[in-house]
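The values are calculated or read from the model by the stated rules, or taken from the named source; none is laboratory data. Every value quoted in this text rests on a predicted model; they were computed, and no experiment measured them. Heads up, the Cβs are rebuilt from the backbone with ideal geometry, glycines too, and the neighbour counts pull from every protein chain shown.
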Amino acid sequence: MIRMFGRYLILMGEVFRKPEKGNIFRKQLIVEFQSLGVESLGIIAIISVFMGAVVAIQTAYNIDTPLIPLTMVGFTTRQSVVLEFSPTIISLILAGKVGSRIASEIGTMRVTEQIDALQTMGVNAANFLIFPKITACLLLNPFLIVISMFLGIFGGWLACITTQMVSSQDYIIGVRYWFESYTIFYALIKTVVFAYIISSVSAFFGYYISGGAIEVGTASTKAVVYSSILIIIFNLILTQLLLT
């Protein structure tokens with residue numbers, strides 16, 4: 001583990017350098033926006049809507065006393081989606097989708113000796129291949145999470161009016177009740193940290209593999225597993241630091 005962490009730090013030292021050609025970096029960044037961010041919108045939208053709907057229905061089902069107002073359904077849905085479900089669960093989904101893609105893409109370039117060819121030509125392969133991916137994740141993931149928050153709350157509202165368990169007015173009042181903008185800030189801080197973990201850890205496992213197609217699949221699996229574990233660990237750490 002110490003050796004692995006040392007290699008990770010060395011790799012990040014090569015990654016975070018000024019790109020040799022800014023125009024090439026910007027073009028590659030646009031490509032990464034499309035492949036790592038825009039193409040993930042569909043699965044994020046579907047999961048967020050149904051996730052918010054499930055939270056709202058479960059909350060309404062468990063309110064079995066008139067002492068608790070039905071507005072708590074909207075409040076609970078908002079807090080659950082904003083504080084935990086969107087930043088953490090969606091990041092875990094992205095670790096599986098985006099992380100495996102990054103690891104397999106860079107790993108394939110390694111086993112086909114494309115990275116060796118770049119290094120032979122004097123190109124900083126780590127900076128050229130990994131830096132645009134990390135930058136794209138850091139810039140785009142917060143927007144994806146904000147969209148997930150909106151769709152999650154919307155999914156809760158849709159479930160309430162469809163099942164008629166809670167009126168639209170009660171749900172909206174609950175969503176607006178006792179709102180603190182700091183919760184959004186907290187969620188976005190977590191999102192940025194998770195985005196860096198997903199992109200850098202996945203790139204690390206793809207960059208240092210050797211072998212063939214089987215090793216590429218193994219690297220993709222390791223990237224998802226390690227990214228998910230680190231997301232859960234840092235979720236606890238950031239929650240302890242920012243909410244207590």
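For the reader, a short list of remarks on this structure follows.
- In the set (1) closer than 30 Å to ILE189 by Cα; (2) surrounded by fewer than 19 Cβ atoms within 10 Å (Cβ to Cβ), THR163 fails one condition alone, (1).
- Residue ranges of helices (runs of 4 or more DSSP H) in region 137-244 with at least 1 members at pLDDT 90 or above, out of contact with any helix residue (DSSP H, G or I) (no Cβ under 8 Å at 6 or more places or on another chain) and closer than 30 Å to GLU14 by Cβ: 213-243
- Hits in region 61-81 (condition: hydrophobic (A, V, I, L, M, F, W, C) and surrounded by fewer than 24 Cβ atoms within 10 Å (Cβ to Cβ)): ILE63, LEU67, ILE68, LEU70, MET72, PHE75
- Qualifying residue in region 138-151 (condition: within 21 Å of ILE30 (Cβ to Cβ) and of a type in the set (Gly, Ala, Ser)): no
- Qualifying positions in region 17-43 - among the aliphatic types (A, V, I, L, M) and more than 14 Å from the chain's Cα centre (by Cα): ILE24, LEU29, ILE30, VAL31
- Some residue of region 95-109 being modelled with pLDDT under 90, surrounded by fewer than 21 Cβ atoms within 10 Å (Cβ to Cβ) and at positive phi: no
- Against the test of being surrounded by 16 or more Cβ atoms within 10 Å (Cβ to Cβ), at pLDDT below 90 and either on the phi < 0 side of the Ramachandran plot or not hydrophobic (A, V, I, L, M, F, W, C) (or both), the options PHE5, PHE33, PHE16 yield a single qualifying residue, PHE33.
- Going through (1) surrounded by fewer than 17 Cβ atoms within 10 Å (Cβ to Cβ); (2) touching an Asp or Glu at 6+ places or on another chain (Cβ under 8 Å); (3) modelled with pLDDT of 90 or more one by one, VAL123 falls short only on (3).
- Total residues in region 1-23 satisfying the condition of being touching a residue at least 24 places away in the same chain (Cβ under 8 Å), part of a helix (DSSP H, G or I) and of a type outside the set (Asp, Glu): the figure is 5.
- Residues in region 120-136 that are more than 20 Å from the chain's Cα centre (by Cα), part of a helix (DSSP H, G or I) and either of a type in the set (Gly, Ala, Ser) or over 14 Å from PHE25 (Cβ atoms) (or both): 3 in all.
- Qualifying position, being buried (at least 20 other Cβ atoms within 10 Å of the Cβ), closer than 16 Å to ILE198 by Cα and at pLDDT 85 or above, among ILE89, ILE130: ILE130
- Inspection of region 181-192 finds a residue satisfying the criterion of being without any contact (Cβ under 8 Å) to a residue 60 or more places away in the chain, under 17 Å from LEU94 (Cα atoms) and not charged (D, E, K, R).
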